[in-house]
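Data first, discussion second: the structure below is written as structure tokens.
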Amino acid sequence: MTTPQHFLHHAELFQTSTDQLFAGLYAESAHWAASQHGNYHASYHAEAQSDALAAIHHLSSQLAKPLQHYTQLIAEAKQRALETRTRAHAPFSNFLVGATLIAEDESLFIGCNVECSSYGLTICAERTALVSGVAQGKKRYAGVVVAADTDELTPPCGACRQLLYDFAPDSVVVLVNLRGTEKRFTMKELLPEAFSVTFLQK
Ligand code: THU
């Protein structure tokens, strides 16, 4: 499970840049991870947690917007992913998925899976959200939310990870279900050693 320090490290990398949204989402995710330690980090030392909270507090005070702003943004993205999930067209699998992408200007793009009678043409929720956002001119994303009705939270499939990586390599990925269970990752954790556009420029 990802520790607060892991997200903090990323937040610090973005802190001084113009990418305040990225810093904010990482700082908020560090805060979230610290608040989860009782559930997920049985061996996570109390001292490490108070160090993390102090670092998060310090970092937050330097962000352009309060941490709560990012908490609300993620809450809205989660709610919209859950709502969009109910519009999934999944008559073959009955597996409904919703997704929200948070673009770099904080606008949100939603998607659901759309299945096809020719099964292989099915499009996942993450990709419908992404193509919608790109069609509306957004090419850089700071956050991805995936909502499904599974106890073990549903992560993006391999194909979606690659497509998301092209537009959201530095994003925070939030997985949720209908019962309020949540897990967070960085995109780079979900697709380590990723292929990307940088290889094509060599
Ligand atoms: N699916 C998604 O939409 N996103 C995921 O992250 C996993 C899988 C969809 C594709 C298909 O319609 C159904 O779930 C079952 O694979």
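Rolling a 1.4 Å sphere over the protein heavy atoms, what is the accessible area per residue of the chain, to the nearest Å²? Don't skip to the answer; put the middle values down first.
Working: 9960 Å² over 202 residues.
Here the per-residue accessible area is 49 Å².
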For this session: May I ask you to compute the full-extension gain from SER118 to ARG179, defined as 0.36 nm times their residue separation minus their alpha-carbon distance, rounded to one decimal in nm?
Result: 18.7 nm
For this session: Over the chain, with every protein chain in place, what whole percent of the accessible area is carbon and sulfur at 1.4 Å, could you tell me?
Result: 55
Exercise. Looking only at CYS124, CYS157, CYS112, which one moves most when the chain is put into a Gaussian network model with springs between Cα atoms under 10 Å?
Worked result: CYS157
Seminar exercise, completed: Inverse of <1/r> over all distinct C-alpha pairs of segment 96-140, i.e. the Kirkwood Rh in Å, gives 10.7
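Please state the equivalent ellipsoid semi-axes for segment 54-123: what are the square roots of 5 times the Cα gyration tensor eigenvalues, largest first, in whole Å? Kindly include the intermediate steps, with their values, before the conclusion.
Values: eigenvalues 249, 22, 18 Å².
Here the semi-axes work out to 35, 11, 10 Å.
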Problem set entry | Nitroxide proxy distance, nm - points 7 Å out along Cα→Cβ at ALA90 and GLU193 | 3.1
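Students often check this: by mean Cβ neighbours within 10 Å, which of 158-167, 2-11 ranks highest, and how do the rest follow? Present the calculation step by step, with values, prior to reporting the outcome.
Numbers: 158-167: 17.0, 2-11: 20.9.
The packing order, highest mean first, is 2-11, 158-167.
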For this session: Give the Rg/Rh ratio for segment 4-64, taking Rg as the radius of gyration of the Cα atoms and Rh as the Kirkwood radius, to two decimals.
Result: 1.00
For this session: Treating each Cα of the chain as an identical point scatterer and ignoring solvent, apply the Debye formula and state log10 I(q)/I(0) at q = 0.13, 0.14, 0.19 Å⁻¹.
Result: -0.69, -0.80, -1.36
For this session: Choose one of LEU53, SER17, PRO91: the residue whose Cα lies farthest towards the positive end of the charge dipole of the chain (beta-carbon charges +1 Lys, Arg; -1 Asp, Glu; about the Cα centre).
Result: PRO91
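The values are calculated or read from the model by the stated rules, or taken from the named source; none is laboratory data. Quick caveat, the model's predicted, so the values are computed rather than measured. A quick note on method: Cβ atoms are made from the backbone with ideal geometry, for glycine too, and the neighbour counts reach across all protein chains shown. What goes into the accessible areas is simple: the full protein's heavy atoms, side chains included, and nothing from ligands, DNA or RNA. Shrake-Rupley method; radii C 1.70, N 1.55, O 1.52, S 1.80 Å.
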